[in-house]
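Everything on this sheet refers to the single structure shown next.
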Amino acid sequence: MRVAVVGATGLVGTVMLKVLAERQFPVTELIPVASERSVGKKVTFNKQEYKVVGLAAAIAMKPDVALFSAGGSTSTTWAPKFAEAGITVIDNSSAWRMDPSKKLVVPEINATALTENDKIIANPNCSTIQMVVALAPLHKKYGIKRIVVSTYQSITGTGVKAVQQLENEYNGEKGEMAYPYPIHKNAIPHCDVFLDNGYTKEEMKLVNETQKILDDRTIAVTATAIRIPVVGGHSESVNVQFEREFDESEVRKLLSETPGIKVQDNTDTNTYPMPIYAEGKDEVFVGRIRRDHSTENALNMWIVADNLRKGAATNAVQIAEYLAEHQLIG
Ligand code: 2RA
């Protein structure tokens, strides 16, 4: 399979290359793609060096599939050009996620909806992916009525500049700021930009994308997204209320038996998910599972995942794997 990675020199693009190699995706030709200023740079894939090419050159090389993680404006302009050339695009930006004609896919939940006609497929936002992976089996069994989520997000979600800011602050050095405030020893209740409704784009992604992926606009969602000085992954405190009664042991069993979920939950041994241990893994880790006694049919849980892997690169590669396995690409 000829595979293009658009944004190959960025944080997520680099992880996409790593995951493609780790999962032995059948790459016969790798086409690393980046902006004109990066053309000619070299990236390593499967112990081989490849030269970065520009977007137009990549189309001419006729990849079977293109994994995009190069920002919304690049996806808006170039995903249609790749698609028109017959190349299937899996886009990690927010550009196409809420487009009614595009599918927003978490393979464990809704990959079966994909057909050969889907030439631009949207990869959901990282904080959405880990939440819906944990909640989808519970929604199927008990029907979700309402979700209240607070996220504690890794600075890697912002990019290299944020990681550098934390390092500088930790070392007492001055440098470029990715955030309006210090991130070291701080928590910033501001991920992405504020909208007129007082929420941030990140918070509204949790609302809108969750409803689209679970295909249920009646699910009420409210979110607060917080940035914390962590690099291993995003953590989320989720309160979920169901339409129907549930049994806690049945919830644990259901989650434990769901592919992609690892339940880490034992207060006797202080066992619960933490980003420092989730880093570099592809599972969605769930713990602190406990009934919310303040209202009916409600549950609290703590959900952690590596936002660069299952939250972005691995989910995109898993979509490509599904397409390849079902002869929808290649
Ligand atoms: C963030 N989810 O964490 C957003 C984009 N990756 O900043």
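Structure notes:
- Highlighted here would be helices (runs of 4 or more DSSP H) found entirely within region 247-330 that include at least 1 residues which are modelled with pLDDT under 95 and surrounded by 19 or more Cβ atoms within 10 Å (Cβ to Cβ), but there are none.
- Complete set of residues in region 133-155 that are open to solvent by less than 10 Å² (accessible area, probe 1.4 Å), more than 14 Å from the ligand (Cβ to nearest atom) and of a type in the set (A, V, I, L, M): V133, A134, L135, L138, I144, I147
- In summary, D64 fulfils each of the numbered conditions (1) of a type in the set (D, E, K, R); (2) open to solvent by 50 Å² or more (accessible area, probe 1.4 Å); (3) closer than 25 Å to K310 by Cα with the single exception of condition (2).
- Matching option when the condition is modelled with pLDDT of 95 or more and under 27 Å from V240 (Cα atoms), among P182, P189: P189
- In region 193-221, residue farthest from the ligand (Cβ to nearest atom) [restricted to those that are in a strand (DSSP E or B) and either touching a helix residue (DSSP H, G or I) at 6+ places or on another chain (Cβ under 7 Å) or open to solvent by less than 10 Å² (accessible area, probe 1.4 Å) (or both)]: V221
- Complete set of residues in region 222-236 that are within 16 Å of the ligand (Cβ to nearest atom), in contact with a strand residue (DSSP E or B) (Cβ under 6 Å, 6 or more places away or on another chain) and open to solvent by 40 Å² or more (accessible area, probe 1.4 Å): T224
- Residues of region 270-321 satisfying the condition of being more than 16 Å from the ligand (Cβ to nearest atom), in the same structural domain as V251 (by the TED database) and among the charged types (D, E, K, R): K281, D282, E283, R288, R290, R291, D292, E296
The values are calculated or read from the model by the stated rules, or taken from the named source; none is laboratory data. Owing to the predicted nature of the structure, the values given are computational and were not obtained by experimental measurement. Positions of Cβ are backbone-derived with ideal geometry, glycine not excepted, and every protein chain shown enters the neighbour counts. For the accessible areas, the whole protein counts, side chains as well, though only heavy atoms, and no ligand, DNA or RNA atoms are used. Shrake-Rupley method; radii C 1.70, N 1.55, O 1.52, S 1.80 Å.
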